[in-house]
Amino acid sequence: MSDRVEQLILDLFAIEAVKFGDFTLKSGIQSPIYFDLRVIVSYPVIMNEVAELLWETTKKSGAKFATVCGVPYTALPLATLMSAHHDVPMLIRRKEAKDYGTKKMIEGKFEIGSRCLIVEDVVTSGSSVKETAQVLESVGLVVTDAVVLLDREQGGKQKLKEAGIELKGICGTAQLLEILRRHEKIPESVAEQVRDFVRNNSFLPGLEPPVKKSRKVLSYRERGDLCQHPVARQLFSIMEKKKSNLAVSADLCTAEQVLQLADQVGPHICMLKTHADIMTDFSTEFVQSLTELADRHQFIIFEDRKFADIGSTVQHQYRDGLYHIADWAHLTNAHALPGSGVLEGLKQVGLDKKRACLLIAEMSSKGNLATGDYTKATVKMAEEHKDFVVGFISQSQLTEDPTFIHMTPGVQLSGSGDGLGQQYVSPWDAVVTRRADVIIVGRGVYKDPDPASAAQRYQTAAFEAYQHRLAN
Ligand code: S5P
């Protein structure tokens, strides 16, 4: 059964029945995790599996019952499937009939004094299960057991026990986080945030949830105003004006292809990312044309050079060679691996030209080593070089400092990988769950037969996700 639970959690995450971000719950509390099980009606195979696992969980618990009743509305189809597949009669609780005297609260036949099993999708405080139990009991039924798909583990189980109801769950928040972490679906920082939330928002007696106001999310404009570095200020300003937090990665091999793409996607992007060293015909004319397009369409040029050598060498790589990167790229990036010398070297070339740099703190590729202490040390290095480092290439938000920009590659609307280690998340996941400021999309845009329309789709998806963060 545990393999099936694991697969189910991955499926629920994939259909966004489990979401991470900033959500206001019914109670008014801000939560970093949200379960929206209503969507499962659109996925019959998943819905069926949920119903089967609910049934098996109940049977394993030894609960005895003559009828089943779903808490309206999400659990209604689940109870229906359990009833139909296992030949156990169902009852329907009317939600809208407020007047106990004149309307029937419970539809279906039952014997007074018989037991009814309550079926629920998510339990937080247990109050919805309790309310349904009270209605069932008001017509003479007995409720001793309930079964739930997801227990948020905020004290609902204990509350129901006090009310004489034994709650069994298919999965709890802790196990859900463990599964999603193991499959690298969410970063550790997000899992930790949810664990903190569960710890601090228990419904157990004496631990009533504090009404906590989440920290205000600053707009791109507000953050730009806080920045010292001109490139960071310009980028935030472009993002706000063009309503775009999309960077397109132009991983193409000729100048003509890169320029054509830049012109097509220009209106939709805040930044164009290049890999100059994969081009066969890089030239000063190319740089001139690209700079003209950046001025015309208003985007930042980011050369994804990933410097990773001693200071003296990266200085040459940045200033000299075939590409003279510092002459044309507003932004470049570096690995923290060599130590702060890499930044000292780059800075000596870049600062005078008002160029900026990102540090690669996390990577999107499977099995990469930029994790844990390495990531933490990278953030520290950035904090020590704020005159040059304006943010990170990362897979999650690494600091609350609003002047650091988090850019997340490995983003696609569909597709989970490329067979060469790349791992994709959706724009929503990148911006809401992982709190990216900018999403970086390569093949999702330039491989599309219509790159301009594709860029527009990514622009809309990522900007709507940012607006969701602002509003919550
Ligand atoms: O961790 C990383 C860092 C970077 S900069 N993962 C990445 O994929 N990138 C770059 O983002 C990569 O070099 C490529 O240019 C782009 C992703 O391209 P896509 O086609 O997979 O979207």
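Within region 31-77, can you find the residues that are under 18 Å from Leu167 (Cβ atoms) and of a type in the set (Asp, Glu)? Once the filter is applied, which keeps residues that are under 18 Å from Leu167 (Cβ atoms) and of a type in the set (Asp, Glu), region 31-77 yields only Glu56.
Residue-wise test of (1) among the hydrophobic types (A, V, I, L, M, F, W, C); (2) touching a Cys at 6+ places or on another chain (Cβ under 9 Å); (3) more than 12 Å from the ligand (Cβ to nearest atom).
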site: Thr332; (1), (2), (3): no, yes, no
site: Gly350; (1), (2), (3): no, yes, yes
site: Ser365; (1), (2), (3): no, no, no
site: Ala377; (1), (2), (3): yes, no, yes
site: Val389; (1), (2), (3): yes, yes, yes
site: Asp401; (1), (2), (3): no, no, yes
site: Pro409; (1), (2), (3): no, no, no
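Determine, yes or no, whether Gln395 is over 16 Å from Phe302 (Cβ atoms), buried (at least 21 other Cβ atoms within 10 Å of the Cβ), within 12 Å of the ligand (Cβ to nearest atom) and in the same structural domain as Asp304 (by TED's automatic domain parsing). Against the criterion (over 16 Å from Phe302 (Cβ atoms), buried (at least 21 other Cβ atoms within 10 Å of the Cβ), within 12 Å of the ligand (Cβ to nearest atom) and in the same structural domain as Asp304 (by TED's automatic domain parsing)), Gln395 qualifies. If the condition is being touching a strand residue (DSSP E or B) at 6+ places or on another chain (Cβ under 9 Å), charged (D, E, K, R) and buried (at least 18 other Cβ atoms within 10 Å of the Cβ), then region 265-320 contributes Lys273, Glu303, Asp304, Arg305. Within region 361-375, is there a residue that is among the β-branched types (Val, Ile, Thr) and in a helix (DSSP H, G or I)? Yes. Taking (1) crowded, with 20+ Cβ neighbours inside 10 Å; (2) of a type in the set (A, V, I, L, M); (3) in a helix (DSSP H, G or I); (4) modelled with pLDDT of 95 or more in turn, Ile439 satisfies each apart from (3). When you scan region 405-429, how many residues do you find that are part of a loop (DSSP other than H, G, I, E, B) and touching a helix residue (DSSP H, G or I) at 6+ places or on another chain (Cβ under 7 Å)? Here the count works out to 2. If you go through region 18-30 and keep only what is in contact (Cβ under 8 Å) with a residue 24 or more places away in the chain and not in a strand (DSSP E or B), you end up with Leu25, Ser27, Gly28, Ile29.
Of everything listed in (1) surrounded by 18 or more Cβ atoms within 10 Å (Cβ to Cβ); (2) modelled with pLDDT of 95 or more; (3) out of contact with any His (no Cβ under 6 Å at 6 or more places or on another chain), the single unmet condition for Asp450 is (1).
Looking only at residues of region 352-363 that are away from the ligand (no atom under 14 Å from the Cβ) and touching a residue at least 24 places away in the same chain (Cβ under 8 Å), we find that the one that is farthest from Arg182 (Cα to Cα) is Lys353.
Scan Ser61, Ser127, Ser83 and give me the residue that is in contact (Cβ under 8 Å) with a residue 40 or more places away in the chain, out of contact with any Ser or Thr (no Cβ under 7 Å at 6 or more places or on another chain) and among the small types (Gly, Ala, Ser). Exactly one residue qualifies, and that residue is Ser61.
Yes/no matrix, rows are residues, columns are (1) surrounded by 18 or more Cβ atoms within 10 Å (Cβ to Cβ); (2) out of contact with any helix residue (DSSP H, G or I) (no Cβ under 8 Å at 6 or more places or on another chain); (3) not in a loop (DSSP other than H, G, I, E, B); (4) not acidic (Asp, Glu):
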{"residue": "Arg4", "(1), (2), (3), (4)": "no, no, yes, yes"}
{"residue": "Leu8", "(1), (2), (3), (4)": "yes, no, yes, yes"}
{"residue": "Pro32", "(1), (2), (3), (4)": "yes, no, yes, yes"}
{"residue": "Ile46", "(1), (2), (3), (4)": "yes, no, yes, yes"}
{"residue": "Ala63", "(1), (2), (3), (4)": "no, yes, no, yes"}
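Scanning region 150-183 for residues that are among the polar types (S, T, N, Q) and without any contact (Cβ under 8 Å) to a residue 60 or more places away in the chain yields Gln154, Gln158. Scanning region 411-451 for residues that are away from the ligand (no atom under 11 Å from the Cβ) and in contact with a Leu (Cβ under 8 Å, 6 or more places away or on another chain) yields Ser426, Pro427, Val438, Pro451.
Looking only at region 100-124, residues that are buried (at least 24 other Cβ atoms within 10 Å of the Cβ) and either without any contact (Cβ under 8 Å) to a residue 60 or more places away in the chain or not assigned by TED's automatic domain parsing to the domain that holds Asp196 (or both) come to 5 in all. If only residues of region 334-348 that are small (Gly, Ala, Ser) and within 16 Å of the ligand (Cβ to nearest atom) are counted, the one that is nearest to Arg305 (Cα to Cα) is Ala334.
The values are calculated or read from the model by the stated rules, or taken from the named source; none is laboratory data. These numbers come from a predicted model, not from an experiment. Note that we place each Cβ from the backbone using ideal geometry, even for glycine, and neighbour counts take in every protein chain shown.
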